[in-house]
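The values are calculated or read from the model by the stated rules, or taken from the named source; none is laboratory data. Bear in mind that the values here come from a model prediction, so they are computed numbers and not experimental data. As a convention, Cβ positions derive from the backbone with ideal geometry for all residues, glycine included, and neighbour counts pool all protein chains shown.
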């Protein structure tokens, strides 16, 4: 989607609980083996424990509004995204978190999928603002607490390590620090079914399950589908932004927060070579923040004092569910 209207990311923030769960702790407790610890996606995860997703989401939302010099009653659209169980008390998470954040008199919409949900919510907000001129400010928030997973999070951390936390971003009409040039989404349902064919990703592996030839075949098909979907989505977003992969004005490419080993192994096969050369891997100190990686990467970008004013940043998001989103922003007001 070419963003012809003047829409900008005005502010963004990340809220992480103070406690950390280190892989060494999991190893010492016997939750993981030495092999699992050695192959883990990172050294540390944020741990929320009994802190509710609502409390984290409200903190991120209010921090973002404060950074954007906007009050809650000025928000004209609220989107909330999550991937893991929100708890019985949140029977309609988007509406309840909007109310707890002080947001009133606007639509509140929830997005529940895997890790791409936050990016999907941002894309949907931008689309709504393009179509409805009366929408001036959209707040997008995410929150997940994986503390109640039925397995130790370090036991399933080859791809990434799940961190508890919340993120938020404010999309406004008019000039701002990160003008949105284009956003595109794509995907393939084959991806999710192939990557975790024999189980729910938030459930432990079946006891005694052995990876079969069919599992390997499904995983290979899923990776091919991922590569095709990323290629199509990135190409569309760059085309709509008036850019080519080798354009020297692209200063940085930000992807989901994953292990350095996985990034080095897979990203050269998923991204055009010129984009991979400008890739910056974030999250080695935060882990994978559920549905909020893209919004967290926007927060990191806004804190960069050395942004080249005439440059662009490409932000890529994807998740186990099979959806891909690519966002292109300008590094400074246009």
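Exactly one residue out of 48, 26 is at pLDDT 80 or above, within 17 Å of residue 148 (Cβ to Cβ) and more than 25 Å from the chain's Cα centre (by Cα), and it is 26. Quick check, is residue 302 in contact with a helix residue (DSSP H, G or I) (Cβ under 7 Å, 6 or more places away or on another chain) and modelled with pLDDT of 90 or more? Criteria not met by residue 302.
Table: residues versus (1) closer than 28 Å to residue 321 by Cβ; (2) in contact (Cβ under 8 Å) with a residue 40 or more places away in the chain; (3) assigned to a helix (DSSP H, G or I); (4) not assigned by TED's automatic domain parsing to the domain that holds residue 257.
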residue: 25; (1), (2), (3), (4): no, no, yes, yes
residue: 31; (1), (2), (3), (4): yes, yes, no, yes
residue: 36; (1), (2), (3), (4): yes, yes, yes, yes
residue: 59; (1), (2), (3), (4): yes, yes, yes, yes
residue: 70; (1), (2), (3), (4): no, yes, no, yes
residue: 85; (1), (2), (3), (4): yes, yes, no, yes
residue: 96; (1), (2), (3), (4): yes, yes, yes, yes
residue: 99; (1), (2), (3), (4): yes, no, yes, yes
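If you go through region 305-322, how many residues are touching a helix residue (DSSP H, G or I) at 6+ places or on another chain (Cβ under 9 Å) and either surrounded by fewer than 24 Cβ atoms within 10 Å (Cβ to Cβ) or modelled with pLDDT of 90 or more (or both)? Qualifying residue count for the region: 10.
Of all residues assigned to region 6-13, none qualifies as being free of Cβ contacts under 8 Å to residues at least 40 places away in the same chain and over 17 Å from residue 295 (Cα atoms).
Among the residues in region 258-275, are any within 13 Å of the chain's Cα centre (by Cα) and either farther than 24 Å from residue 8 by Cβ or modelled with pLDDT of 90 or more (or both)?
Yes.
The set of residues from region 112-170 being without any contact (Cβ under 8 Å) to a residue 24 or more places away in the chain and assigned to a strand (DSSP E or B) is empty. Of all residues in region 223-251, those that are on the phi > 0 side of the Ramachandran plot have Cβ atoms under 8 Å from Cβ atoms of residues that are modelled with pLDDT of 90 or more and crowded, with 16+ Cβ neighbours inside 10 Å, 6 or more apart or on another chain, in 242/181. Might you check whether a residue that is at pLDDT 70 or above, outside the structural domain of residue 114 (by TED's automatic domain parsing) and part of a loop (DSSP other than H, G, I, E, B) occurs anywhere in region 209-231? No: zero hits. Looking at region 287-303, is at least one residue surrounded by fewer than 21 Cβ atoms within 10 Å (Cβ to Cβ), closer than 20 Å to residue 42 by Cβ, in contact (Cβ under 8 Å) with a residue 12 or more places away in the chain and not assigned by TED's automatic domain parsing to the domain that holds residue 47? Looking for residues that are surrounded by fewer than 21 Cβ atoms within 10 Å (Cβ to Cβ), closer than 20 Å to residue 42 by Cβ, in contact (Cβ under 8 Å) with a residue 12 or more places away in the chain and not assigned by TED's automatic domain parsing to the domain that holds residue 47, one finds at least one in region 287-303, hence yes.
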